[in-house]
Structures are given as structure tokens and as C-alpha cells.
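The values are calculated or read from the model by the stated rules, or taken from the named source; none is laboratory data. Note that this is a predicted model, so its numbers are computed, not measured. Reconstructed Cβ throughout: ideal geometry from the backbone, glycine too, with neighbour counts over all protein chains shown.
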Amino acid sequence: MYEYSNTTSHSPSHSQMIEEIKAKRELMIKSANTLGFTSEQTIKYSQELDELINEYHRMMGQASKPPEEIKFALKQMIMIWPKVLV
């Protein structure tokens, strides 16, 4: 299971999680474009991204309401990813 690398706090902030999700997503996209969608590296990044997103959702279940910037960032990620596949 993926463990968040922030050692100064028990739980990362929402913005830290979003930034880490964005960075992992970019790595995955670059890997897919370079090595292919089924390469080991791309799949590894995809699985790590899944873990980050799952962790983010667990955090959100404990939070009262996500900030608008986080909801917008997640919507952007969902909308952009299918365009990369084309």
C-alpha cells in the first residue's frame, strides 16, 4: 500500500495531497506516452495514483466539505485523462 512521504505531520493537507496526485498523474501520462499504456512503469504509476486518490477520498470522508479548488482539480483530472488516450 502507498504511504504518504510527509514525515512532519500525521496526515497531509488537502493541498499537499492534490499536488502529489497531480505529480503522480503527470508521471503516469509521460510514462504512457513514452513506454506505452501497458508498460510495467506506467502500470506502477497508475497503481500508485489509485492509492493516492483512495487515500484522498478516505481523508475527505473524515473532513466536513472539500474546498472548491480541490473539487475543481479532481474534475479537471477526470476530464483531461480521456483526451490523453485519444
Pairs where the first residue, in the stretch 43-55, is free of Cβ contacts under 8 Å to residues at least 24 places away in the same chain and the second is of a type outside the set (Val, Ile, Thr) and surrounded by 15 or more Cβ atoms within 10 Å (Cβ to Cβ), C-beta under 8 Å, 6+ apart: Tyr45/Lys24; Tyr45/Leu27; Tyr45/Met28; Tyr45/Ser31; Ser46/Met28
Mind listing whichever residues of the stretch 50-71 are out of contact with any Phe, Trp or Tyr (no Cβ under 9 Å at 6 or more places or on another chain) and at pLDDT 70 or above? Ile53, Tyr56, His57, Arg58, Met59, Met60, Gly61
Kindly evaluate Thr34 against the criterion of being loosely packed, with under 15 Cβ neighbours inside 10 Å and at pLDDT 95 or above. yes
